Structure formats: structure tokens, C-alpha cells
Amino acid sequence: MNHKPIVVGIDGSHAAEVAISWATTEAASQKVQLQLVHAVSAGLSASRAVVDDAVAQVRRLEPAIEVEARLEYGAPSTALVMASGQAQLVVIGSRGLGVMVGALVGATGLDLTANARCPLVVVRPDLAGDSGTRVVIGYDGSSASESALDFGLDYARRRDLPVRVIAAQPAGTELHRITDTELQDAVHRRGGHDAELIQITGHPAEHLLQLSADARLIVLGARGRGGFSGMLIGSISQTVLQHAPCPVAVIPAAAVGG
């Protein structure tokens, strides 16, 4: 079991409240510490109120959980990258966090994706519930997607959820095609013998979204070698984050093998 803390970025917004709720549930599930990180450039008194309110929210949700809260000075992305070095997971809302508006879509998000040392979970304020019934994992044989398999299968086991693994192959190319045997071997050696395995050809984001309508969590590598290459960079990333029916977990390049 990974005993490192879970970090959540906070700023007093509704999106941050939803991210705190998701992260609190995950920390309680793993019985690990929750760390609340609020990055500011000014307004110390108001910032302390944001931290106090966040701690109170965690206490209401899980009174027994160990929680640590701190103020950091500077950009939210910088503070969260620093915190990720000692964390097992960083959780952020898809809105809020000051310059991290549109997290994982612009320069700040790309910086976090490239430099975070652990997986990220992006939670949309309107799509953070537990109504989904499965975990969906994107796989293309890259190191990041191997880590996505580990993350997604572990999450599913702890919640007794079925798993759907999707291998994407862009239309018009034979490069990096994952065979049925390779896909099966990658999943089965991790104990995912009951996982549903799907091979698709075409636009990765479109197919992924179609096959994730009942998902509780989508898990992807930030960079890959095949159909999911650059899944969370540029227009494809915006499509997934804007239309995914649930939170999205991203395995940053810097987190692979770390």
C-alpha cells in the first residue's frame, strides 16, 4: 500500500470544494494523510480563511482523517509540483486555482503535466459524484499507459468496480498497433482478469468518450506512443476534460517510474 499523502489544491472556489470532497474520500479509502495546499501572492487574512474552511470541510466529511493544511506563496502550479514530489496523488478542480483556470489545458496545466511527480486527478465541479459504475483506462503500450493500468486497476479493486481497458489505434496508420494478445497480457499480469478489453480504430477522444458514459473515473497517460499520444495536450485534452462524464486521472511523464 502507498502511504504517501494525497494533495489537493484549494482556493475557496466551488471547484476546489468538490476536489476536496473527492480527495477526502480517496484519502479515507487508503487511510493516508490529506494535505491541503493553498498558493497565494497576497491577501494573507483571506487566505487563512480559505484554509480554515477547507479543513472544516474535511472534518465534516471524515472526522478521523489526518489532515494538514498550508499556505504557499507563488503560482499554484509551482506549489503543487513541489508538493507532488512527496505525494502519491494530486487532486485539482477543473476550474479555479487562479492561474490554473482550465487546468491541464494551457501553459500552466502543461507545466503541471510535465513536471508533477505523481498522478493527477482533475475533477469537474458538476461531475464529481459516485454515480459511475466502472473505471475506464486508456492504453497504448507506452510507459505512461502502463502506469495508468496500475493506477486504474488499483482504484477499481478498492471500490469493487469493473474495468474497461481501451486500446486506441488512429485510423490510417499501422504504427504502434497493440495486438489483442499484448493488451490481454498487459492487463492480466496485473490481475485484471475480469477486465473488459476493447480495441478501437479512429479518433481516440471520440471513442473514449462514447465508451465512458458509465465511468466513475477515466485514467490516461499524459503522453503515449500510439492512439492516446498527447491525449491531454491540445484539442483532444480539451475535448476529454470538457465532455468526460466523471473525474479524469492523468499519469504525467515525470511520474512514470518514479
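The values are calculated or read from the model by the stated rules, or taken from the named source; none is laboratory data. Predicted model only: the values in this text are computed from it and were never measured. No Cβ is skipped: glycine too gets one built from the backbone with ideal geometry, and neighbour counts run over all protein chains shown. Each accessible area value is taken on the protein alone, full model and side chains, heavy atoms only, with ligands, DNA and RNA left out. Shrake-Rupley method; radii C 1.70, N 1.55, O 1.52, S 1.80 Å.
Data overview
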{"quantity": "Residue selected from the stretch 83-104 under the condition buried (at least 24 other Cβ atoms within 10 Å of the Cβ) and within 14 Å of D11 (Cα to Cα), by the criterion modelled with the lowest pLDDT", "calculated": "A103"}
{"quantity": "Enumeration of residues in the stretch 1-29 that are of a type in the set (V, I, T) and open to solvent by 40 Å² or more (accessible area, probe 1.4 Å)", "calculated": "T25"}
{"quantity": "Residue match in the stretch 163-178 (condition: modelled with pLDDT of 90 or more, under 18 Å from V240 (Cα atoms) and open to solvent by 20 Å² or more (accessible area, probe 1.4 Å))", "calculated": "yes"}
{"quantity": "Search result, residues across the stretch 1-33 that are assigned to a helix (DSSP H, G or I) and more than 16 Å from R158 (Cα to Cα)", "calculated": "H14, A15, A16, E17, V18, A19, I20, S21"}
{"quantity": "Which listed residue is outside any helix (DSSP H, G or I) and within 18 Å of the chain's Cα centre (by Cα), from L71, L80, L36", "calculated": "L36"}
{"quantity": "V55 at pLDDT 75 or above, in a helix (DSSP H, G or I), touching a helix residue (DSSP H, G or I) at 6+ places or on another chain (Cβ under 9 Å) and open to solvent by less than 50 Å² (accessible area, probe 1.4 Å)", "calculated": "no"}
{"quantity": "Residues satisfying the stated conditions in the stretch 194-204, i.e. out of contact with any strand residue (DSSP E or B) (no Cβ under 6 Å at 6 or more places or on another chain) and either at pLDDT 90 or above or closer than 21 Å to P162 by Cα (or both)", "calculated": "D194"}
{"quantity": "Single residue of the stretch 180-195 satisfying the filter (under 21 Å from the mean Cα position of the chain (by Cα) and of a type outside the set (A, V, I, L, M)) that is surrounded by the most Cβ atoms within 10 Å (Cβ to Cβ)", "calculated": "G192"}
